[in-house]
């Protein structure tokens, strides 16, 4: 089993990739299968948040690029930035994790949140996409990548 012990700080090649869902990217200890089928174990400092594109290094020097797995999300697409800002405000007020993109927001599926956004005039839709929510300003997580 490959033992993954930390981050690689310089932009570099990748030897393989590791695709993880959002919940897995917040774990500091995790047994995984790399995308090439190699068994590995994550042994990272507590509080590490892995993001799409992060580069990890194993004890043997193998470099592993993190990929965000596609997972169920609710998605809202809208060309009105004010309406999207209002939606983000209301989602944040409910402590929902939100990924903010140009003309789009994504959040974990929740029928109550979906109905709230419909009430604002938006049309949430179910999708299966990578989910990279914003880091909370007061949660103490470092931004990497």
Can you give the relative contact order of the chain as a percent, counting alpha carbon pairs under 8 Å and 6+ residues apart? 25
Which order do 28, 74 fall in if you start with the one that has the fewest other Cβ atoms within 10 Å? 28, 74
Under 1.5 on a/c is rounded, so check that first for region 70-130, then, if it is not, pick prolate when a/b is larger than b/c and oblate when it is not; a ≥ b ≥ c are the square roots of the alpha carbon gyration tensor eigenvalues. rounded
Return the percentage of antiparallel bridges among DSSP beta bridges fully within the chain, rounded to the nearest 5 %. 75
Ratio of region 22-139's C-alpha Rg to 2.2 N^0.38 Å, to two decimals? 1.25
Per-residue [θ]222 nm for the chain (sum of -39500 (n - 2.57) over DSSP H runs n ≥ 4, rounded to 500): -4500 deg cm²/dmol
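Taking a quarter of the surface of the convex hull around the Cα atoms of region 12-76, what do you get in nm²?
Details: hull surface 20.5 nm².
The Cα convex hull of region 12-76, projected and averaged over all directions, gives 5.1 nm².
Bear in mind that the values in this text are calculations on the coordinates, not laboratory data. Everything quoted here is computed from the prediction, not taken from an experiment. When we count neighbours, we look across all protein chains shown, and the Cβ atoms used for this are built from the backbone with ideal geometry, even at glycine.
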